[in-house]
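> Take a look at the following structure, please.
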Amino acid sequence: MVYSSAMRKRSARARAEARTGRDGSTGQEAVPALPSEEHCQAEALKLLGDYTTLRIIDFLRSGALRFTELQRALGDTNSVTLTKRLKHLEVAGILNRREATFDRQSVTYSLSETGLSLLPVLAEIQNFTRRLHLSLPPRRGG
């Protein structure tokens, strides 16, 4: 693709603004755009739209659990998957991770304030599932 001089100038200006965080025309700090509703929904689904992730949050509703306790509760989730999900939720601020002071291998996970705010959402998902199950015709034979 051939770039015109105007395209090169715009591109250079955009790179400079990104580098300095300033709007070149006014010298004022650029105000970051708020994410769109669509972007927020997509991010929420990426974070929470996973069966294992929702089950982790559900199991932690009653209090802190150690890694091995979570692994036993989940049953069919391997340790690599569980580790990735826990780290992802911790980085997102959904979980708190606490290492015991006497034994660094003893780590507990609990829901943060943000994680606790997800419990009503999870309850609504569970209510929806119950209603859906009750509305389906009974299965015949096997």
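> Could you line up Arg72, Arg85, Arg66 from fewest to most neighbouring Cβ atoms inside 10 Å? The partial results should precede the final answer.
Values: Arg72 11, Arg85 21, Arg66 14.
Going from least to most buried by this count: Arg72, Arg66, Arg85.
> Please give the direction-averaged projected area of the C-alpha convex hull for segment 35-135, in square nanometres with one decimal. Walk me through the numbers before you get to the answer.
On the way: hull surface 31.3 nm².
Here the figure is 7.8 nm², rounded to one decimal.
> Follow-up question, since we're still on this one. I'd like to compare 114-123, 86-95, 41-50: which one has the highest average count of other Cβ atoms within 10 Å, and what's the full order after that?
On the way: 114-123: 14.1, 86-95: 17.1, 41-50: 12.5.
Order by mean packing, descending: 86-95, 114-123, 41-50.
> Relative contact order of segment 35-135: what whole-number percent is it, with Cα pairs under 8 angstrom and at least 6 residues apart? It would help to have the intermediate numbers written out before the result.
Details: 81 pairs, mean separation 27.0, N = 101.
Computed over segment 35-135, the figure is 27 percent.
> In addition: Kindly write out, for segment 83-95 in residue order, the coupling ³J(HN,Hα) from the Karplus curve 6.51 cos²θ - 1.76 cosθ + 1.60 (θ = phi - 60°), rounded to whole Hz, with x marking Gly and Pro.
Karplus values, whole Hz, x for Gly and Pro: 4, 4, 5, 5, 5, 4, 5, 5, 4, 6, x, 7, 10.
The numbers here are math on the coordinates, done by the rules we state, and not lab data. Since the structure is predicted, the reported quantities are computational estimates derived from the model, not experimental observations. Reconstructed Cβ throughout: ideal geometry from the backbone, glycine too, with neighbour counts over all protein chains shown.
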